[in-house]
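The structure appears below as structure tokens.
Values quoted throughout were computed directly from the atomic coordinates according to the rules given, and no laboratory measurement underlies them. What you see is a predicted model; the values in this text were computed from it and never measured. Quick reminder, even Gly has a Cβ in these numbers, built from the backbone with ideal geometry, and neighbours come from all protein chains shown.
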């Protein structure tokens, strides 16, 4: 019974620390107005949850005494690395937007602010599982991908299209490519 309580306390401490890190990360690195607008495209929380579980599992295997074998040591390190990678990816990727612009935040690159008029086009990819990946092309040559499983992706694309029309002076009637039912908002590339 004591072991069970200890495991629950450790799990609660790990989730508590992760919650505090997420809140601190948000306050330190997300200071632009778009970050605080409440409108964002974010990865599904499964990425962070599964990553955290894998990282904790890797640490647990490493410290349980099983690692007398090199296979267990290497496996636990790989599981930890995958878990940490998923958590970092979850915490660093996001598209935060307001009425006039959006901020693209990705791992390893400085957050970039774009106006909707900077969108040059899009390309669609259908995954083997039936999901849709929307690759958005920017005027400066940068691209970013949004998965249909992300939270807020369709709201963002709708908002981006109408803001793009307003900022470029185009009319919806002139955009024969516009078909949100088939995930088409911008000219194909």
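Once you reduce region 97-156 and region 158-174 to the center of their Cα atoms, the two points are 16 Å from each other.
Averaging 1/r across all pairs of distinct Cα atoms in region 105-189 and inverting the result yields a Kirkwood radius of 13.5 Å.
Ordered by the number of other Cβ atoms lying within 10 Å of each residue's own Cβ, fewest first, 127, 92 fall into the sequence 127, 92. For region 95-182, DSSP calls about 100 percent of its internal beta bridges antiparallel.
Counting beta carbons within 10 Å around each of 82, 103, 10 and listing the fewest first gives the order 10, 82, 103. Take every pair of alpha-carbon atoms less than 8 Å apart whose residues are at least six positions apart; their mean separation over the length of region 48-108 yields a relative contact order of 35 percent.
At an R0 of 45 angstrom, the distance between the Cβ atoms of residue 182 and residue 109 translates into a FRET efficiency of 0.90. Let me know the shape class of region 53-159, please: from the alpha-carbon gyration tensor, a ≥ b ≥ c as square roots of the eigenvalues, rounded when a/c is under 1.5, otherwise prolate if a/b is greater than b/c, or oblate. Prolate is the answer for region 53-159, as a/c is 1.5 or above and a/b outweighs b/c. Residue order for 185, 164, 70, fewest other beta carbons within 10 angstrom first, comes to 70, 164, 185.
Modelled spin labels at residue 73 and residue 132, positioned 7 Å past Cα toward Cβ, are 5.0 nm from each other.
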